[in-house]
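J.: Sharing a structure, written as structure tokens. Questions coming.
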Amino acid sequence: MNVSPAAMERPPGSDFNGAVNIQGNDTTPILVVGGTGKTGRRVADRLRALGRPVRPASRSGGTTFVWEDESTWPAALDGARAAYVTYYPDLAFPGAKEAVGRFAALAVERGVRRLVLLSGRGEEGAAASEEAFKASGCDWTLVRADWFNQNFSEDFFLGPVRSGELALPAGDAVEPFVDADDIADVVVAALTDDRHIGRTYELSGPRPLSFHDAARELSAATGRTITYTPVGADDYRAMLREAGAPEEFADLFTLITDGRNAGVVHGVREVLGREPKDFSRYAGETAATGVWDA
């Protein structure tokens, strides 16, 4: 769901194009911005399983990191060699480009050259943030993802699924939802293998689904009736206001309704050599945890 290049002396361990090789027994931590989020905590867990030192950073856990408070950035970056960067609420939102550009420039200034940015597929606003990110002079990788399967189980749509009705401004449009586990696997590969430097990967699931389709699959997985009700954008904005959520989230549904992201892309296969997780498998595995029990 979103700066001038720095000319720096190459740090020890550099290889082609100044890229930092973080393979092997490197003991410097990898910073995970948004380390308690859907992809961030998965990335952190995978890095730990590989024996890599990890520094999760967020507003609510681990090292304190707040995008709106730049005084929290230096401590998060201190001594790190690489970073996974997620921006909340979305890279397409006002102010994201400036914040992401300043953060990336500070990272490079402090010797953190290897940066992987989570972006959104098909978001024009996010593209400006991506350019500011790359302009820092870092060794970058961009990971552009479709909407997450986990939106149905970890935040945005969790309450509606539990209540039995998804009321959203998506019409009959389709989206090839991608699983956060697949995103995390791609990010870890990008962080730990220099062959991904300077690459942009677009990630989706294996097939497009409408929200009608998603509701049917969630119903089958949970054994309950879950429906999808299309609503207008203005009505959805009112719902967001009532819930205390940014109204700009309503604008993100344009990424679905205009069909720009309806097609399947193959970044998961390109990076990992396997197919992405299907929504039905996600729904079955998640239903078994009880998270959707009413």
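J.: Using just the helices of the chain, give the 222 nm mean residue ellipticity in deg cm²/dmol: DSSP H runs with n ≥ 4 each add -39,500 (n - 2.57), and the total is spread over all residues, rounded to 500.
T.: -10000 deg cm²/dmol
J.: Amide H neighbours of Gly171 under 5 Å, at least 5 residues apart or on other chains, H built in the peptide plane: list them.
T.: Long-range HN contacts for Gly171: Val231.
J.: 5 Å is the cut-off here: which amide hydrogens, built 1.01 Å from N in the peptide plane, fall below it relative to Leu209, excluding neighbours closer than 5 in sequence?
T.: Glu175, Phe177
J.: Have a look at Leu168, Gly111, Trp140 and report the one farthest towards the positive end of the charge dipole of the range 85-177, computed about the Cα centre with Cβ charges (Lys/Arg +1, Asp/Glu -1).
T.: Gly111
J.: While we're on this one: If eta is 1.306 mPa s and T is 10 °C, what Stokes-Einstein diffusion coefficient results for the range 149-294, Kirkwood Rh from Cα pairs, in µm²/s?
T.: 97 µm²/s
J.: Quick one: putting +1 on the C-beta of Lys and Arg, -1 on the C-beta of Asp and Glu, what dipole do you get for the range 105-228 around its Cα centre, in Debye to the nearest 20?
T.: For this selection, approximately 180 debye.
J.: Which whole-Hz ³J(HN,Hα) couplings does the range 255-263 yield from phi under the Karplus relation 6.51 cos²θ - 1.76 cosθ + 1.60, θ = phi - 60°, glycine and proline marked x?
T.: Calculated HN-Hα couplings, in order: 4, 9, 5, 8, x, 5, 10, 5, x Hz.
J.: For the charge dipole of the chain, defined by +1 on Lys and Arg C-beta atoms and -1 on Asp and Glu C-beta atoms about the Cα centroid, which residue among Ala294, Gly284, Gly125 has the Cα displaced farthest towards the positive pole?
T.: Farthest towards the positive pole: Gly284.
J.: While we're on this one: Long-range amide H contacts for Val32: which residues qualify at under 5 Å (H placed 1.01 Å from N, peptide plane, sequence gap of 5 or more or a different chain)?
T.: Under 5 Å from the amide H of Val32: Arg55, Ala57, Tyr84.
J.: Per residue of the range 29-37, in order, report the coupling 6.51 cos²θ - 1.76 cosθ + 1.60 (Karplus, θ = phi - 60°) as ³J(HN,Hα) in whole Hz, putting x for Gly and Pro.
T.: With the stated coefficients, the range 29-37 comes to x, 9, 7, 10, 7, x, x, 9, x Hz.
J.: Extending each Cα 7 Å along its Cβ direction at Ser219 and Arg274, get the distance between those two points in nm, one decimal.
T.: Reported label-point gap for Ser219 and Arg274 is 3.2 nm.
J.: Here is a follow-up. Given charges of +1 on the Cβ of Lys and Arg and -1 on the Cβ of Asp and Glu, with all other atoms neutral, how large is the dipole of the chain about its Cα centre, in debye to the nearest 20?
T.: About 900 debye.
J.: Using 0.36 nm times the number of residues separating Ala135 and Ala233, minus their current alpha carbon distance, what extension gain do you get?
T.: Between Ala135 and Ala233, full extension yields an extra 31.8 nm.
J.: Ok, one more. Magnitude of the Cβ-charge dipole of the range 60-167, K/R +1 and D/E -1, about the Cα centre, nearest 20 debye? Spell out each step's value before the answer.
T.: On the way: 10 positive and 16 negative charges, 86 e Å.
Charge dipole of the range 60-167: 420 debye, to the nearest 20.
J.: In addition: At a Cα cut-off below 21 Å, give the lysines reachable from Lys38, other chains included and same-chain residues fewer than 8 away excluded.
T.: Lys277
J.: Which one of Ala82, Thr36, Thr200 has its Cα pushed farthest toward the positive end of the charge dipole of the chain, where Lys and Arg give +1 and Asp and Glu give -1 at the Cβ?
T.: Towards the positive end, the residue furthest out is Ala82.
J.: Using the Karplus curve 6.51 cos²θ - 1.76 cosθ + 1.60 with θ = phi - 60°, work out ³J(HN,Hα) for each residue of the range 190-202 in order, rounded to whole Hz, and write x for Gly and Pro.
T.: 5, 6, 10, 9, 5, 5, 8, 5, x, 10, 10, 10, 10
J.: Here is a further query. Expressed in nm to one decimal, what extension gain is obtained for the pair Arg281 and Asp155 from 0.36 nm per residue of sequence separation less their Cα-Cα distance?
T.: Value of the extension gain: 43.4 nm.
Since every read-out is calculated from the coordinates, none of them should be taken as a lab result. Since the structure is predicted, the reported quantities are computational estimates derived from the model, not experimental observations. With ideal geometry, Cβ positions are generated from the backbone for all residues, glycine too; neighbour counts draw on all protein chains shown.
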